[in-house]
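Participant: Quick one: the structure is below, questions incoming.
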Amino acid sequence: MPTFEFEAMDARGEEIRDVIDAPTEEEAQTTIRQMGYFVTKITLKKTKEGATAKGPKKRRGMALGGGGSKVVTTFTRQLSILQDAGLPIVRSLKILEGNAKPGKLKNALLDVVEEIEAGATLSEAMSKSPKMFNRLYVNMIKAGEAGGALEVILQRLADFQERAEALRRKVKGAMIYPAVVISVAVGILVFIMLKIVPVFTKMFTEFGLTLPAATQLLIAMSEWVIKCWFLLPLIPVGVFLAIKLVRKFRHGRIGWDMFILKLPIMGKLVEKNIMARTTRTLGTLVASGVPILEGLQITRDTSGNAVFERLYAKVGESIREGDPIAKPLRAYSTLGFHPVCLGFWFFAGALPGMLVMVLPGMAMIGAYMALGLGGLLCLSYIVRMKARVVDDLVVNMVDVGEETGELDTMLYKVADTYDDEVKVMTESLTSLMEPIIIVFLGFAVGFIVISLFLPLVSMIQGLS
């Protein structure tokens with residue numbers, strides 16, 4: 001008889017972890033409920049006999065690609081169409097596996113078909129491939145199997161993934177243009193520093209000219225670039241690796257995610273994007289029949305931001321104590337103070353001054369600039385640290401949804417509202433980046449031209 005591992009809550013709200021023997025998962029859940037527990041998670045326990053009874057697996061191709069969100073979205077839509085047409089699930093999966101390109105999805109479908117033919121359900125089989133089918137996906141499939149409406153759940157899941165994919169593409173597309181332009185501009189400026197400025201420097205030295213301060217600064221920057229050109233790619237890579245290292249720790253991740261949410265313009269875009277995704281996730285799970293506690297846990301795990309993970313964890317704890325969703329959603333949505341976040345703000349302000357410090361004769365000026373800008377940004381963070389990440393609009397609509405029994409509908413409306421706001425902000429940001437980049441390039445080129453031509457003008461006047 002199969003053995004199931006389960007997590008449950010007793011009448012006092014304490015967490016229980018145990019195993020139980022039952023012919024099917026449904027009977028196991030029924031038995032656990034009769035024991036007076038509320039099931040939050042149940043999985044089939046692996047055994048050596050069960051692992052070897054299936055026989056050798058088919059050979060798999062090399063999984064070098066074919067596992068992105070776009071591929072899974074397309075697969076879900078195709079599977080929902082086949083199920084709506086009335087085809088058996090194994091035949092549908094074999095058709096899609098045959099049409100799939102070699103990669104992660106094809107290998108995962110081969111494993112899923114083998115698991116189902118060995119007696120597992122679709123959700124159990126998909127849970128064995130977590131890199132392709134996450135907890136959200138598996139739990140929605142499980143809810144569809146329990147309610148006998150798998151084709152409806154697949155359609156809902158496909159709609160959800162298509163909306164999320166469209167939003168993701170729009171945000172990424174808006175970032176491509178400024179990234180390409182800035183990269184090309186930096187490359188051109190580095191070329192000028194390496195090849196053009198040294199020629200003028202040699203000419204000025206031969207004529208023995210007294211150089212203006214702007215020209216001296218430009219020559220110092222050029223000499224630094226010539227000597228330390230290898231630091232130009234190493235500095236951003238080093239900053240990236242340092243952030244990755246800090247985010248390995250729990251407090252470091254929370255501090256970084258707080259810092260991102262409070263960035264000017266970009267922070268609001270990230271916040272609204274996460275709110276749109278998490279409310280749509282929770283609404284889809286609730287509409288599919290997933291218990292609210294399990295839905296909140298899945299939403300927390302798929303939010304992708306430590307601040308929202310903490311928020312949804314607090315909401316789940318409050319619901320276990322008998323509170324509605326809206327009350328803890330308002331109470332725990334304040335960011336608050338975090339020392340790691342304060343450190344990130346100081347570093348962001350001090351970074352320009354630190355770069356100035358490496359120039360010859362600019363160490364003191366750079367130090368004052370680093371301390372001043374770093375302190376100013378720290379003060380700005382302290383002033384704004386009581387801001388909330390969940391607006392009153394979300395809280396009120398969730399409250400109305402709970403009172404009317406239409407929580408899923410209200411969550412969908414919140415997600416649609418934030419989707420529209422993200423779309424508008426993305427288009428506005430794209431339009432705003434264009435003049436900012438032009439002004440930056442104009443200032444940089446103008447500074448170089450003026451710095452080089454001022455000594456030339458003095459030289460011509462001296463010759464005349």
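Participant: Any idea how many residues of the range 122-131 are touching a residue at least 24 places away in the same chain (Cβ under 8 Å), touching a helix residue (DSSP H, G or I) at 6+ places or on another chain (Cβ under 6 Å) and either not aliphatic (A, V, I, L, M) or not assigned by TED's automatic domain parsing to the domain that holds VAL90 (or both)? Explain how you work it out, then say what you get.
Facilitator: Of the range 122-131, the ones touching a residue at least 24 places away in the same chain (Cβ under 8 Å) are 122, 124, 127, 131.
Now restrict to residues that are touching a helix residue (DSSP H, G or I) at 6+ places or on another chain (Cβ under 6 Å): 122, 127.
From the residues that got through so far, the ones that are either not aliphatic (A, V, I, L, M) or not assigned by TED's automatic domain parsing to the domain that holds VAL90 (or both) too are 127.
Result for the range 122-131: 1.
Participant: Could you pull out the residue among PHE160, PHE204 that is touching a Ser or Thr at 6+ places or on another chain (Cβ under 8 Å), touching a residue at least 40 places away in the same chain (Cβ under 8 Å), in a helix (DSSP H, G or I) and over 30 Å from LYS423 (Cβ atoms)?
Facilitator: Details: PHE160 fails: over 30 Å from LYS423 (Cβ atoms).
Criteria check complete, one pass: PHE204.
Participant: Has the range 254-265 got at least one residue that is surrounded by fewer than 18 Cβ atoms within 10 Å (Cβ to Cβ), more than 30 Å from LEU432 (Cα to Cα) and not aliphatic (A, V, I, L, M)?
Facilitator: no
Participant: How many residues are assigned to a helix (DSSP H, G or I) and either of a type in the set (Lys, Arg) or within 27 Å of MET193 (Cβ to Cβ) (or both) if we restrict to the range 224-257? Please lay out each step first, then the result.
Facilitator: Of all residues in the range 224-257, those assigned to a helix (DSSP H, G or I) come to 224-227, 231-246, 250-257.
If we keep only those that are either of a type in the set (Lys, Arg) or within 27 Å of MET193 (Cβ to Cβ) (or both) as well, we get 224-227, 231-242, 244, 250, 253.
Here the count works out to 19.
Participant: Whether any residue in the range 57-80 is of a type outside the set (A, V, I, L, M), in contact with a helix residue (DSSP H, G or I) (Cβ under 7 Å, 6 or more places away or on another chain), modelled with pLDDT under 80 and buried (at least 17 other Cβ atoms within 10 Å of the Cβ) is what I want to check.
Facilitator: yes
Participant: From the list VAL414, VAL424, which one is of a type in the set (Val, Ile, Thr), free of Cβ contacts under 8 Å to residues at least 12 places away in the same chain and in the same structural domain as ILE260 (by TED's automatic domain parsing)? Please lay out each step first, then the result.
Facilitator: Details: VAL414 fails: free of Cβ contacts under 8 Å to residues at least 12 places away in the same chain.
Residue meeting the stated conditions: VAL424.
Participant: Now for a separate question. For the range 215-231, which positions are in contact (Cβ under 8 Å) with a residue 12 or more places away in the chain and surrounded by fewer than 14 Cβ atoms within 10 Å (Cβ to Cβ)? Talk me through it step by step, then tell me what you get.
Facilitator: Here is the first cut: in the range 215-231, the ones in contact (Cβ under 8 Å) with a residue 12 or more places away in the chain are 215, 217-226, 228-229.
Passing the criteria: ILE226, CYS228, TRP229.
Participant: It is to be established whether one or more residues within the range 184-193 are closer than 24 Å to ALA276 by Cβ and not basic (Lys, Arg). Break it down into steps so the answer makes sense when it comes.
Facilitator: Keep residues of the range 184-193 that are closer than 24 Å to ALA276 by Cβ, which gives none.
Within the range 184-193, not a single residue is closer than 24 Å to ALA276 by Cβ and not basic (Lys, Arg).
Participant: On the basis of being buried (at least 19 other Cβ atoms within 10 Å of the Cβ) and in the same structural domain as TRP229 (by TED's automatic domain parsing), does MET140 make the cut?
Facilitator: Numbers: buried (at least 19 other Cβ atoms within 10 Å of the Cβ): yes; in the same structural domain as TRP229 (by TED's automatic domain parsing): no.
Against the criterion (buried (at least 19 other Cβ atoms within 10 Å of the Cβ) and in the same structural domain as TRP229 (by TED's automatic domain parsing)), MET140 does not qualify.
Participant: Only one of (1) at pLDDT below 80; (2) under 34 Å from the mean Cα position of the chain (by Cα); (3) surrounded by fewer than 13 Cβ atoms within 10 Å (Cβ to Cβ) is not met by GLU49, so which one is it?
Facilitator: If we test GLU49 against (1) at pLDDT below 80; (2) under 34 Å from the mean Cα position of the chain (by Cα); (3) surrounded by fewer than 13 Cβ atoms within 10 Å (Cβ to Cβ), just (2) comes out false.
Participant: Out of ILE298, ILE319, I need the residue that is part of a helix (DSSP H, G or I), modelled with pLDDT of 85 or more and either under 18 Å from the mean Cα position of the chain (by Cα) or among the β-branched types (Val, Ile, Thr) (or both). Which one? Steps first, please.
Facilitator: Details: ILE298 fails: modelled with pLDDT of 85 or more.
Going through ILE298, ILE319 in turn, the sole match is ILE319.
Participant: Among the listed residues VAL390, VAL422, identify the single one that is outside any helix (DSSP H, G or I), on the phi < 0 side of the Ramachandran plot, hydrophobic (A, V, I, L, M, F, W, C) and modelled with pLDDT under 90.
Facilitator: Working: VAL422 fails: outside any helix (DSSP H, G or I).
Exactly one residue qualifies, and that residue is VAL390.
Participant: Can you go through PRO130, PRO198 and tell me which one is modelled with pLDDT of 80 or more, surrounded by fewer than 17 Cβ atoms within 10 Å (Cβ to Cβ) and not in a helix (DSSP H, G or I)?
Facilitator: On the way: PRO198 fails: not in a helix (DSSP H, G or I).
Result of the check over PRO130, PRO198: PRO130.
Participant: Within the range 31-45, take every residue that is within 38 Å of the chain's Cα centre (by Cα) and more than 9 Å from PHE4 (Cα to Cα) and give me the one that is modelled with the highest pLDDT.
Facilitator: If we filter the range 31-45 for residues that are within 38 Å of the chain's Cα centre (by Cα), which is where we start, we get 32-33, 37-45.
Keeping just the survivors that are more than 9 Å from PHE4 (Cα to Cα) gives 32-33, 37-41.
Numbers: ILE32: 81, ARG33: 77, TYR37: 78, PHE38: 72, VAL39: 73, THR40: 71, LYS41: 74.
Applying the filter and picking the extreme gives ILE32.
Participant: I've got another one for you. Quickly run through the range 400-435 and pick out the residues that are surrounded by 14 or more Cβ atoms within 10 Å (Cβ to Cβ), out of contact with any Leu (no Cβ under 9 Å at 6 or more places or on another chain) and either of a type in the set (Lys, Arg) or closer than 16 Å to TYR177 by Cα (or both).
Facilitator: Of everything in the range 400-435, those that are surrounded by 14 or more Cβ atoms within 10 Å (Cβ to Cβ), out of contact with any Leu (no Cβ under 9 Å at 6 or more places or on another chain) and either of a type in the set (Lys, Arg) or closer than 16 Å to TYR177 by Cα (or both) turn out to be LYS413, THR430, MET433.
Participant: Let me ask something else. Using the structure shown, decide if VAL237 is without any contact (Cβ under 8 Å) to a residue 60 or more places away in the chain, farther than 23 Å from ILE365 by Cα and of a type outside the set (Gly, Ala, Ser).
Facilitator: Working: without any contact (Cβ under 8 Å) to a residue 60 or more places away in the chain: yes; farther than 23 Å from ILE365 by Cα: yes; of a type outside the set (Gly, Ala, Ser): yes.
Considered against the rule, which asks whether it is without any contact (Cβ under 8 Å) to a residue 60 or more places away in the chain, farther than 23 Å from ILE365 by Cα and of a type outside the set (Gly, Ala, Ser), VAL237 comes out as yes.
Participant: If we keep just the residues of the range 207-223 that are outside any helix (DSSP H, G or I) and of a type in the set (A, V, I, L, M, F, W, C), which is nearest to GLY366 (Cα to Cα)?
Facilitator: We begin by selecting, within the range 207-223, every residue outside any helix (DSSP H, G or I); these are 208-212.
Among the residues that remain, those that are also of a type in the set (A, V, I, L, M, F, W, C) are: 209, 211.
Values: LEU209: 27, LEU211: 22 Å.
Filtering first and then ranking leaves LEU211.
Participant: Right, ALA143: under 28 Å from the mean Cα position of the chain (by Cα), at pLDDT below 80 and closer than 20 Å to PRO23 by Cα or not? Walk me through it before giving the result.
Facilitator: On the way: under 28 Å from the mean Cα position of the chain (by Cα): yes; at pLDDT below 80: yes; closer than 20 Å to PRO23 by Cα: yes.
Yes: the conditions hold for ALA143.
The values are calculated or read from the model by the stated rules, or taken from the named source; none is laboratory data. None of these values were measured; they are calculated from a predicted model. In this analysis, Cβ positions are derived from the backbone assuming ideal geometry, glycine residues included, and neighbour counts consider all displayed protein chains.
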